[in-house]
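Here the structure comes first, spelled out in structure tokens, and everything after it is commentary.
The values are calculated or read from the model by the stated rules, or taken from the named source; none is laboratory data. As the structure is a prediction and not an experimental result, all values here were calculated from the model. FYI the Cβ positions are ideal-geometry reconstructions off the backbone, even for glycines, and counts take in every protein chain you see. When the accessible area is computed, the model is the full protein with side chains, heavy atoms only, and any ligands, DNA or RNA have been set aside. Shrake-Rupley method; radii C 1.70, N 1.55, O 1.52, S 1.80 Å.
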Amino acid sequence: MSTIFFAQLKKELRRPLFMILLIGASVGVTLLFTGSTQAPMQVAIFSEEVSQDVLDNWEEKLNGNSSFQFETKEAAEALEDVKEGRRDLAIRINNNDYQVVTSSEFPEIAYVEQHVQKAFHEEAMMKAAVSQADNPENMREELEGYLENPPLKIEVSSLKTDDLNNYDIKTQLAFAFALLVAMFLIGFRISNILKDKVTGVRNRILLSPISKTQMYLGYISYSMMIGTIQTLIVFLIFQNFMNYDLGDNFAMLVVITIIFSFSMASIAMLITGMLRTPEQFLAIYPSVIPLLPVISGAYMMPGALTNPVLNFIGDLFPISHAMNAFVEVAFFNPDWIELLKPIVFMLLIGVIAMGIGINLMERRSA
Amino acid sequence: MIETYKLTKAFKGKRAVDEVDFYLDEGESVGLLGPNGAGKSTTISMISTLIKPTSGDVKLNGESIVHNSSKLRKILGVVPQEIALYEELSAYENLKFFGQLYKVEKSILEKRIQSTLELVGLRDRQKDLVKTFSGGMKRRVNIAVALLHNPKVLILDEPTVGIDPQSRNHILEMVRRMKEEQGTTILYTSHYMEEVEQLCERIYVMDHGKVIATGTQSELLSILSNEDTIKIQVDKVTDSLIETIQEIEQVHQVEEDKDNLKIIAKKSSNIVRELVLAVEKEKAQLLNFQMEKPSLEDVFLHLTGRTLRD
Ligand SMILES: Nc1ncnc2c1ncn2[C@@H]1O[C@H](COP(=O)(O)OP(=O)(O)OP(=O)(O)O)[C@@H](O)[C@H]1O
Ligand SMILES: [Mg+2]
């Protein structure tokens, strides 16, 4: 097994271009569809009324508990930035209210506005309360303490709507394209079996004392390994160089990726088993694979794909389960039990497809 | 040591190998001769346990190996007709890969790789990728791979197809040395008559899946002991000339080769006169006339009505 594994690896290292291209393609396509890297949005705040101290206070208050980055600027500079399109928006702070200065209409602007409004609301209530109090300083501190650690907390939970707040289509697309290119690499490496059959290398392997099981294990474990490594490289690129938030549990991503790679290697084995030559594989595999993420709804919001027929077909392939698991890990902080279902499905698909695939392959060469 | 009994393989009902009886004694070198599609490779695949016969049996020292192949595989080296190598790897890496598959011990393997490379004359090119090699060099690596585990029996399936004369001589010389110096048993497949004549003590001639003749070279030649081979050259070969010659009573076979005609005819005193008359009748001009001893090529022509390289 290891002999075959390392021979495949040596061949890969001799021509790594294919893998590098795939990695580049998945990153490139994700950027193409999502438009940007995932840096936190910067918002300038400025004022022509209040003092610098007050403005600094606002900066601190707004930056707390926020995914945007607020920074104080000179009024002229902030306005100029918006005007020239260097920034999407700036906030003008007045004594009792604020204004959003913007020249565009991104959905993010609504979020910023919401955030600022909430902060002003709090501040206004606080001011009102404090102005009634005998000891304004104490009162403010107490109130702030309460706000941070409320004695009573109401948690609103409805069907995941709360969770969906931190859902992000960009991250999902990053997952989807990473899996798409992984399917290519895994499939092509499985099709080495077919290539070796045509060149006669397979006959030589069969004549050697190595068992068939060992032979298949060599090819399969190699495909799994190379698919996993490629996918993890893509994830690390997104996480470390583009600030994508892939969730807090990288170990889960690794496990899901390994199981997905196994499952996909099996599907590739099934397809390989039905074919005779590498040329047929080259014609069929790349035209089938891009359809899988589409019918699995990998490019859409979870639950957006409602056609039961497509859903059923999609569920037959590992990518739909891997996507569910990835989305779960990235946005909903699941524990291992919650990942059990997609993992079991992928293993099941893997075992069945592998069994049929190898069987077909053996029958072909009888 | 190896024998087959009514060995048969059918693909979709069509018999590619048809009741072949064959044996190979220890230390012998045997040739398997036949045109394209004769069933040579299929026979070899069954003998080397790669495909199962439709019917019939293959035995090693009296034991059937159809369902129990491990004993045979251990002593067998097979050089396939195709170049079965990883072209992206170097010659050395290929040998190492297949040597490891054969579980050749690490300490021995390195030496074995070097001596095998020496034998095929590629020691100084071992670091180069196989895909950069010429056809002849690839063929030599292809053979080297089969020698790593020091097989007692070596089966070569057309090892010299489509290569330069120098590589070809090298390969023939190598096979001869393996037989003479190491006592390796050889089964050599080819459709080049000269190679088989040079290398093999016994010959099987196959056509359309059947063994149509077998024996030593002289035994095979004696099939034609009552025949003459006559080569004539005329200024122009026409269909009607060939027809006229074929109508001569003693003539068995007429083969056209550019301006030459090769005629196999029963030994008789008046064949020369008959031929001259035929040429005159067709108003052609006789430029050259030659009587030859029959060759294996002629035996094949006689048996099948076709040349080997049809
Ligand atoms: N796997 C197969 N499926 C169907 N037909 C086959 C298969 N393998 C061989 N044949 C047929 O069997 C016949 C014998 O083929 P084989 O390869 O044994 O001939 P050969 O003597 O080795 O010829 P060559 O000199 O071209 O190598 C041919 O007609 C071929 O088309
Ligand atoms: Mg052949």
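Of the residues B:I212, B:I245, the single one that is open to solvent by less than 20 Å² (accessible area, probe 1.4 Å) and at negative phi is B:I245. Only one of the numbered conditions (1) open to solvent by 10 Å² or more (accessible area, probe 1.4 Å); (2) near ligand 1 (Cβ under 10 Å from one of its atoms); (3) not basic (K, R) is not met by B:E3, and that is (2).
If you check B:L122 against the conditions, is it assigned by TED's automatic domain parsing to the domain that holds B:F97, surrounded by fewer than 18 Cβ atoms within 10 Å (Cβ to Cβ) and among the hydrophobic types (A, V, I, L, M, F, W, C)?
Considered against the rule, which asks whether it is assigned by TED's automatic domain parsing to the domain that holds B:F97, surrounded by fewer than 18 Cβ atoms within 10 Å (Cβ to Cβ) and among the hydrophobic types (A, V, I, L, M, F, W, C), B:L122 comes out as no.
Of everything in segment B:51-63 that is on the phi > 0 side of the Ramachandran plot and not in a strand (DSSP E or B), the residue that is nearest to ligand 2 (Cβ to nearest atom) is B:N61. Criterion first (in contact with a Gly (Cβ under 9 Å, 6 or more places away or on another chain), near ligand 1 (Cβ under 10 Å from one of its atoms) and within 13 Å of chain A (Cβ to nearest Cβ)) does B:K9 satisfy it? So B:K9 passes the test. Scan segment B:64-80 and tell me whether some residue there is part of a loop (DSSP other than H, G, I, E, B), closer than 20 Å to B:V175 by Cα, within 11 Å of another protein chain (Cβ to nearest Cβ) and within 16 Å of ligand 2 (Cβ to nearest atom). Yes, segment B:64-80 has at least one match. Only one entry in B:S218, B:S240, B:S190 is among the hydroxyl-bearing types (S, T, Y) and closer than 19 Å to B:V120 by Cβ, namely B:S190.
For B:V130, the test of being more than 15 Å from B:T189 (Cβ to Cβ), more than 16 Å from ligand 2 (Cβ to nearest atom) and open to solvent by less than 30 Å² (accessible area, probe 1.4 Å) is passed. Per the conditions (1) surrounded by fewer than 23 Cβ atoms within 10 Å (Cβ to Cβ); (2) modelled with pLDDT of 90 or more, the sole criterion not satisfied by B:N36 is (2).
Residues in segment B:43-63 that are without any contact (Cβ under 8 Å) to a residue 40 or more places away in the chain and under 17 Å from B:H149 (Cβ atoms) were compared, and the one that is farthest from the other protein chains (Cβ to nearest Cβ) is B:T49. Being among the β-branched types (V, I, T) and closer than 23 Å to B:E195 by Cβ is the filter; apply it to segment B:1-29 and report the residue that is nearest to ligand 2 (Cβ to nearest atom). In this case the residue turns out to be B:V17. Out of curiosity, is B:L32 within 16 Å of ligand 2 (Cβ to nearest atom) and in a strand (DSSP E or B)? Here the answer is yes, as B:L32 does meet what is asked. I need the full set of residues from segment B:96-119 which are away from every other protein chain (no Cβ under 12 Å), closer than 23 Å to B:G183 by Cβ and more than 24 Å from the chain's Cα centre (by Cα), in order please. Matches in segment B:96-119: B:E105, B:I108, B:K111, B:R112, B:I113, B:Q114, B:S115, B:L117, B:E118.
Among the residues of segment B:12-29, those that are within 11 Å of ligand 1 (Cβ to nearest atom), assigned to a strand (DSSP E or B) and either acidic (D, E) or exposed (fewer than 13 other Cβ atoms within 10 Å of the Cβ) (or both) comprise B:K14, B:D18.
Report, by residue number, each residue of segment B:247-282 that is among the polar types (S, T, N, Q) and within 23 Å of B:I223 (Cα to Cα).
So in segment B:247-282, the residues among the polar types (S, T, N, Q) come out as B:250, B:253, B:260, B:268-270.
Those that are among the polar types (S, T, N, Q) and within 23 Å of B:I223 (Cα to Cα): B:Q250, B:Q253, B:S268, B:S269, B:N270.
Reported count of residues in segment A:79-129, each being among the polar types (S, T, N, Q), out of contact with any Leu (no Cβ under 9 Å at 6 or more places or on another chain) and open to solvent by less than 80 Å² (accessible area, probe 1.4 Å), is 1. Highlighted here are the helices (runs of 4 or more DSSP H) found entirely within segment A:278-322 that include at least 3 residues which are without any contact (Cβ under 8 Å) to a residue 60 or more places away in the chain and under 21 Å from A:I352 (Cβ atoms): A:308-315.
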